[in-house]
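Worksheet: the structure to be examined is printed underneath.
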Amino acid sequence: MTDAREAADVDDVARALALIDEATIVADTSSLILAASENPGGTELVAVRVLESIASRLGGRSRRSLVAPDRPNLSIRFGPDPSPEAPGVLILGHSDVVPAGEGWAADPFNPRVADGWLTGRGATDMKGGLAAALQAMAAVHRVRPELPLELLVTVDEEDLATGIQAHLRADEGPRDAYRACIVAEPTDLAVVIACRGAANLQVEVRGRAAHAGRPEDGASAITTAARIATWIADDHERMRAGATGLLGSATWSVGRIEGGHGTSIVPDRCTLLVDRRLMPGETGAEALAQLEAGIGGVLGDDGCDAHASLLMEMPGFETAPTHPLVAAAVEALRAEGAAAPVEAWTAACEGGFIAEHHGCPTIILGPGDITGQAHQPDERVRIADLSAAARAYTRMLIHLHT
């Protein structure tokens, strides 16, 4: 980069940062919290409408793509459309939130500001990140209108990921239209460069009912399910024992077991819901085959059988720590006084879909703490972090285009 170009970039960053307004980010995040979009149990439409209103005010172009009734994905673009000749930066987010649940000190969808924090369902995961991203994109567009910028907001991220999968199926554009993807999920302002994928699996065990007074006349689906759960736990420990690198290893976890009819009946059915975290490059089909092999090894001759199926999968991703995207993120955060650690994520996100489909480097970076604040009563985000995230995005969007 020439000295003149460097000086111009510094000037552009300064002018764009001057347009970042913390109060507006808080107001926009609050409007999105008010637009309750619980999943499962609701729709994202009201939140999408708020996002469209914010985008219109900021000069963005919105386009909906219906995934299911009242559940539209939303693309918001600033500047020209991204293309292989002029690749853009994609910021990825989702409009749904997990159900509010019990234990809140006040109405979870009535945003509250106190002591430097904004509280409400979605404040951290991830309506604060969406508001910060939109503010940054609009500021950069004012200064550099020739830059192609896009915010993709999907539905159903918190459940079955039908939104991102529908988006990729319908995508007819060039695969190499993006130079980078930033997932605005809450990372507590760390730079997450590696993320395991996730597969949701189901095991249906079928046995034979009988009177509990003569259990030998039946075949207990619960007993067989317990052997399968034991195999899953043992295989989890096997994988963890071989953990290496930033991501460690894949994992297994049985999240739910349901079966039987009553105390006096030998159970003829039992269902297990299983979480399998995937390493980058590993597929849900591979995890399913591994589970099927394990089931085959524990089934006996007691009259039970079992069938496993794949309900949902998200691919993982890993970006090299030396990639310019990572350097830009670290530099941008440190310029805002953040420590900017480079980490792996224990959660899963939709960034792996984008990395796989578009072949672009991907990171996760956003305000809020995924483990300490998201998916909990009185979910909250530090207001200073909303502003710091918007300012870091602003720096990155300009630096990544030089």
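The values are calculated or read from the model by the stated rules, or taken from the named source; none is laboratory data. Because the structure is a prediction, the values reported are computed rather than measured. Ideal geometry is used to build each Cβ from the backbone, glycine not excepted, and the neighbour counts take in all protein chains shown.
Numbers below:
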read-out: Answer residue from the range 274-307, given it is in a loop (DSSP other than H, G, I, E, B) and either more than 18 Å from the chain's Cα centre (by Cα) or among the acidic types (Asp, Glu) (or both) and is nearest to HIS236 (Cα to Cα) among those; value: GLU282
read-out: The range 97-119, subset crowded, with 18+ Cβ neighbours inside 10 Å and out of contact with any Leu (no Cβ under 8 Å at 6 or more places or on another chain), residue nearest to GLU44 (Cα to Cα); value: VAL97
read-out: Number of positions in the range 375-396 that are buried (at least 22 other Cβ atoms within 10 Å of the Cβ) and in a loop (DSSP other than H, G, I, E, B); value: 1
read-out: Residue within the range 110-121 that is charged (D, E, K, R), in contact with a Gly (Cβ under 8 Å, 6 or more places away or on another chain), within 20 Å of ALA36 (Cα to Cα) and not in a loop (DSSP other than H, G, I, E, B) present; value: yes
read-out: The range 218-236 residues that are assigned to a helix (DSSP H, G or I), paired with ones that are aromatic (Phe, Trp, Tyr) (beta carbon under 7 Å, 6 or more apart); value: ILE232/TRP252; ASP235/TRP252; HIS236/TRP252
read-out: Some residue of the range 299-312 being touching a residue at least 60 places away in the same chain (Cβ under 8 Å), of a type in the set (Ser, Thr, Tyr), assigned by TED's automatic domain parsing to the domain that holds GLU204 and buried (at least 18 other Cβ atoms within 10 Å of the Cβ); value: no
read-out: Qualifying residue in the range 162-177 (condition: surrounded by fewer than 24 Cβ atoms within 10 Å (Cβ to Cβ), in contact with an Asp or Glu (Cβ under 6 Å, 6 or more places away or on another chain) and within 15 Å of HIS94 (Cβ to Cβ)); value: yes
read-out: Criterion violated by SER220 - all others in (1) under 30 Å from PRO321 (Cα atoms); (2) crowded, with 23+ Cβ neighbours inside 10 Å; (3) of a type in the set (Ser, Thr, Tyr) satisfied; value: (1)
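Results for (1) of a type in the set (Val, Ile, Thr); (2) outside the structural domain of ALA136 (by TED's automatic domain parsing); (3) part of a strand (DSSP E or B), shown as yes or no for each residue.
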| residue | (1), (2), (3) |
| --- | --- |
| ILE182 | yes, no, yes |
| GLU185 | no, no, no |
| LEU189 | no, no, no |
| GLU204 | no, yes, yes |
